Amino acid sequence: MPFLDWVNKAQAQRATADVPYHLLEFQSAHGDGDARNLLIQGDNLLALKALLPFYRRQVKCIFIDPPYNTQSAFEHYDDKLEHSQWLSMMWPRLVLLRELLADDGSIWVSIDDREAHYLKVLMDEAFVRANFINSVVWIKTSSVHNNAEFFSSMNDTVHVFAKNISTCKFNRVPRSARNASDYTNPDDDPHGDWSSSPLHVSLTSGQRGAQFARTGTSSGLFPIINPHGVEVFPPKGRAWGYSSETIASLRAENRIWWGKDGRNQPRLKRYFSELKDGAVPTTVWSHEEVGHNQEAKKETAALLQDESNDLFSTPKPERLLQRIIHIATSPGDLVLDSFLGSGTTAAVAQKMGRRFIGIEMGEHAKTHCLPRLEKVIAGEQGGISKSVNWQGGGGFRFHTLGEPVFDADGGIHSTVRFAALGAYLWHFETGEPARRTFDSPLLGVHQGTAYYLLYNGILGDRRPAGGNVLTSNVLAHLDTLSSHVGPRVIYGETTRLGEARLREAGITFKQIPYDIKAR
């Protein structure tokens, strides 16, 4: 597969591993204090790395609306990036997002024509080309700009990739009134309303091979007798899509429609009652269906009462995010937006009963996102609220980026507590996210190996050094924490046990901080 190349690509590819792990520093809780939703203020590259120990492979849907590289300066973030810089900015973030994405999850990235094609090739490499699902065209405006030099831009593109296309499943979208009106019952069929489709397929396209595989025939060019006794063959360049036996069976079931006078080409009836719930999403979404930029600006203005018109230039309407989240998730699933902007993704996820993580670097994480989400949990009725019967509730926790796990000298930073280091080491050793708060030296057992951490005086007054040193007494205490029989990995400041004793006990001892590395 061809790859995209650009200046400093090698440096961008190394950037993911070079990003230091930071702690997330709790600032405030809003609404339900037990809610697991997160709003994080800080550089999204650092924040994504900080989330890995806790959320790796846990996110069902990622939606991001990154800077479009429009060569104009946006007030809320710098969108004026030279092309190769933009690619270098996107690559490590895409890699970390892939790590956070669940095995059956999907990522949706909104972009315009300036970088859409480069982004597609970049995502082919980051997510593997075979996992590409489609590109959705969103008609983002209802008006034509006649002052445009060449074309009036009407659309954005949303690239959609699966983490693993073989396990990714999407929900259908509700049928529109137009879809339902396609079904009628002109012949009073007792099965109810129906629509029809051609009974023939192309002889020159892939349809022919599919027809042969389905019917087991080698021709599909036999005649069918119409209600007036006349032999009817498929049109030139076409073949019947079913075997003669199948067509005879369909005819006996009154599923062949010849038109009102019985002389048209035969068509197959498809009953409305037999349809699956909803319709397959299309790749073109109109502003009537999912909203447009002006609608989004009005939503944001109403929520934030922004009299200065200090708004984002291209916010996304709630109906657009509703469509994406509906297709990609189910209630309770986790949605992530690492370019949160005005907070739309988090707001819609909350109203739809999904969990969310939103990351935004600028000060508007506090001035825009936080107050908007407070109004959501208070029951605001803008956007999609009425259509989903949103009455308020839930909550979120606001965090900022704290100190890095390691200090400048390579040691564990003094602010790192036991639970944070435990989560970090569990993820480092197992690749699994930390699904609980660590408050015991025994972090857990994974694939037959038990992992322990002696740090921060976790054993209280047990000496020496408050239990941070592996001694015979400390080992005896660790033996009481689990009935595990098998290999053990123990992290601590040092050990008083000799190599022979460690081997006899099946222990691999790792010294803090020297044996702790970034994953």
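The values are calculated or read from the model by the stated rules, or taken from the named source; none is laboratory data. In this text, all values refer to a predicted model and were calculated from it rather than measured experimentally. Cβ atoms come from the backbone with ideal geometry, glycine included; neighbour counts cover every protein chain shown.
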Requested in this report: Spot the failing condition for residue 197; the list is (1) closer than 19 Å to residue 287 by Cβ; (2) not in a loop (DSSP other than H, G, I, E, B), and only one is missed.
Outcome: (1)
Report task. Tell me which residues, restricted to region 419-438, are in a loop (DSSP other than H, G, I, E, B) and over 24 Å from the mean Cα position of the chain (by Cα). Result -> 437, 438
Requested in this report: Being closer than 19 Å to residue 187 by Cβ and in contact (Cβ under 8 Å) with a residue 24 or more places away in the chain narrows it down to one of 292, 228, 287, so name that one.
Outcome: 228
Query - Members of region 156-181 that are touching a Phe, Trp or Tyr at 6+ places or on another chain (Cβ under 9 Å) and surrounded by fewer than 18 Cβ atoms within 10 Å (Cβ to Cβ) - result: 165, 180
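For (1) within 19 Å of the chain's Cα centre (by Cα); (2) modelled with pLDDT of 95 or more; (3) closer than 23 Å to residue 289 by Cβ, each residue gets a yes or a no:
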| position | (1), (2), (3) |
| --- | --- |
| 324 | yes, yes, yes |
| 347 | yes, yes, yes |
| 354 | yes, yes, yes |
| 374 | no, yes, no |
| 377 | no, yes, no |
| 397 | no, no, no |
| 406 | no, no, no |
| 413 | no, no, no |
Query raised in the report: Name the residues in region 409-418 that are among the aliphatic types (A, V, I, L, M) and either assigned to a loop (DSSP other than H, G, I, E, B) or assigned by TED's automatic domain parsing to the domain that holds residue 99 (or both), would you?
Result: 416
**Report entry** Odd one out for residue 33 among (1) without any contact (Cβ under 8 Å) to a residue 24 or more places away in the chain; (2) among the small types (Gly, Ala, Ser); (3) touching a Lys or Arg at 6+ places or on another chain (Cβ under 9 Å)
**Finding:** (1)
Query raised in the report: Residues 137, 144: which one is at pLDDT below 95, surrounded by fewer than 19 Cβ atoms within 10 Å (Cβ to Cβ) and either touching a helix residue (DSSP H, G or I) at 6+ places or on another chain (Cβ under 9 Å) or not assigned by TED's automatic domain parsing to the domain that holds residue 233 (or both)?
Result: 144
Report task. Determine if region 62-73 includes at least one residue that is at pLDDT 85 or above, in the same structural domain as residue 368 (by TED's automatic domain parsing) and within 20 Å of residue 406 (Cβ to Cβ). Result -> no
Report summary line: Across (1) more than 16 Å from residue 455 (Cβ to Cβ); (2) surrounded by 14 or more Cβ atoms within 10 Å (Cβ to Cβ); (3) among the small types (Gly, Ala, Ser), residue 387 clears everything bar (2)
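Identify all residues within region 474-519 that are among the polar types (S, T, N, Q) and farther than 16 Å from residue 412 by Cβ; write none if there are none.
Here is the first cut: in region 474-519, the ones among the polar types (S, T, N, Q) are 480, 482-483, 494-495, 508, 511.
Answer for region 474-519, where residues must be among the polar types (S, T, N, Q) and farther than 16 Å from residue 412 by Cβ: 480, 482, 483, 495, 508.
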Query raised in the report: List, please: which pairs have Cβ atoms under 6 Å, are six or more places apart or on different chains, and start with a residue in region 369-383 that is free of Cβ contacts under 8 Å to residues at least 40 places away in the same chain and end with one that is surrounded by 19 or more Cβ atoms within 10 Å (Cβ to Cβ) and assigned to a helix (DSSP H, G or I)?
Result: 376/347; 376/350
